[in-house]
Amino acid sequence: MSLRLVAGSAHPALAAGVARALGIEPAPGRLERYPDGEIRPTLPELRGDDVYALQSLGAPVAANVIELLLLLDACRRAGAARVTALVPYLAYARQDRREQPGEALGIHVIAEAIAGAGADRIVVVDPHTPALEAMFRIPVETVSAAGALAAAARAGLPRDLVIVAPDLGAVRLAERYAALLDAPVAIVRKTRVSATRVRADQVAGEVAGRMAVIVDDMISTGGTIEAAMRALAAAGAAPRARVIATHAVFAESAAARLAALPIERLIVSDTVPAPATGPPLEVCAISGLLGEVVARLHRDRPLEPAPVTV
Ligand code: R5P
């Protein structure tokens, strides 16, 4: 089976980086856009190939999801022997449970659509929920950018340091960073008031006088980081903090919100295109990591020990 990379239109720079890391060219394709908003991707023949369809699901989320589904179907119909959805940022992963009657289970719908469109398996980077595997009927390969992001964050860190999970969902991730950076963990108790507003009122763990490194899977509106920083300041943490997040989604006024905070360094990966405006960001490229993952999967090699190449 020949290795082929099919690139969606969501993140051309990342696609180019992954192709470079693999030493191949993306399969030549075409994307037509109809006046009514429909899209129509066309791929070359992929008969018997091992195909990796790369599409990150940042904004515009709905259009990027539809394009991924059409690409997966096109791969199948072009004769691919095996199709892997390579989805660095998987949108809808926050909708992993129903908060109240009448809601949809968003990630389950997306998982069914991806499998139904023809993916044999999916690769995701730092997904929001560890419950993801249970949502998919195809294998889920999870990759973490934490090793690369921690390495980038390490320079100049003081001894008195604390890794902060800005909510309960981030505790596992915080423990991973704590192991990488050899620091204790503190947890902020967060309550979500609405899609754009959160409240953080309690901090568990020793933060007084320490520099906080707040870690999260994603920054959307920036509300979680803002609330965590307020709670940390009230608990006596050092005034300036570092922030690490895998997915820099930066919706709405996130850029302005974060620019107003005393953040010493803001380190993200490039699973989604970097926002055009906002506070200075340090962006860690993950194309090397994804290239290594694809190369291992293509050869049916294990993903552990995890590659940390960036
Ligand atoms: C939620 O649990 C996630 O891990 C993030 O904390 C959250 O999605 C960030 O969203 P926002 O930046 O809008 O607060």
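Just so you know, all these numbers are worked out from the coordinates, no wet-lab data involved. Because the structure is a prediction, the values reported are computed rather than measured. FYI the Cβ positions are ideal-geometry reconstructions off the backbone, even for glycines, and counts take in every protein chain you see.
Tabulated data
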{"quantity": "Charge dipole (the chain, unit charges on Cβ, about Cα centre) - positive-most of Ala16, Leu297, Ala174", "calculated": "Ala174"}
{"quantity": "Inter-label distance, nm, simple model (7 Å from Cα along the C-beta direction), Ala63/Ala208", "calculated": "5.3"}
{"quantity": "Spatial separation of Cα centroids for the range 81-128 and the range 160-183, in angstrom", "calculated": "26"}
{"quantity": "Footprinting exposure proxy for Glu38, Glu304 (fewest neighbouring C-beta atoms within 10 Å first)", "calculated": "Glu304, Glu38"}
{"quantity": "The range 20-170: antiparallel DSSP beta bridges as a percent of all, rounded to 5", "calculated": "25"}
{"quantity": "Normalised contact order of the chain, rounded percent, pairs of Cα under 8 Å and 6 or more residues apart", "calculated": "14"}
{"quantity": "For the chain, with +1 on Lys and Arg beta carbons and -1 on Asp and Glu, the positive-most of Ser287, Gly37, Ala145 along the dipole", "calculated": "Ala145"}
{"quantity": "Gyration tensor (alpha-carbon) shape descriptor, the range 130-242, a/c threshold 1.5", "calculated": "oblate"}
{"quantity": "Paramagnetic label zone (point 7 Å from Cα along Cα-to-C-beta, Gln100; backbone N under 15 Å) in the range 163-196", "calculated": "192-196"}
{"quantity": "Label-point separation in nm, Arg301 to Ala259, each point 7 Å along Cα→Cβ", "calculated": "4.4"}
{"quantity": "Phi to ³J(HN,Hα) by Karplus 6.51 cos²θ - 1.76 cosθ + 1.60 over the range 117-124, Hz, x for Gly, Pro", "calculated": "6, x, 6, 7, 6, 10, 10, 10"}
{"quantity": "The chain - share of DSSP beta bridges that are antiparallel (%, nearest 5)", "calculated": "20"}
{"quantity": "Column: log10 I(q)/I(0), Debye, Cα scatterers of the range 158-310, q = 0.21 Å⁻¹", "calculated": "-1.32"}
{"quantity": "Protection-proxy order for peptides 43-54, 128-139, each taking the mean of Cβ atoms within 10 Å per residue, highest first", "calculated": "43-54, 128-139"}
{"quantity": "Percent of C-alpha pairs per 10 Å bin, the chain, short to long", "calculated": "6, 27, 33, 22, 9, 2, 0"}
{"quantity": "Selected from Ala91, Ala259, Ala237 as most flexible by GNM, with the chain as the system and alpha-carbon contacts under 10 Å", "calculated": "Ala259"}
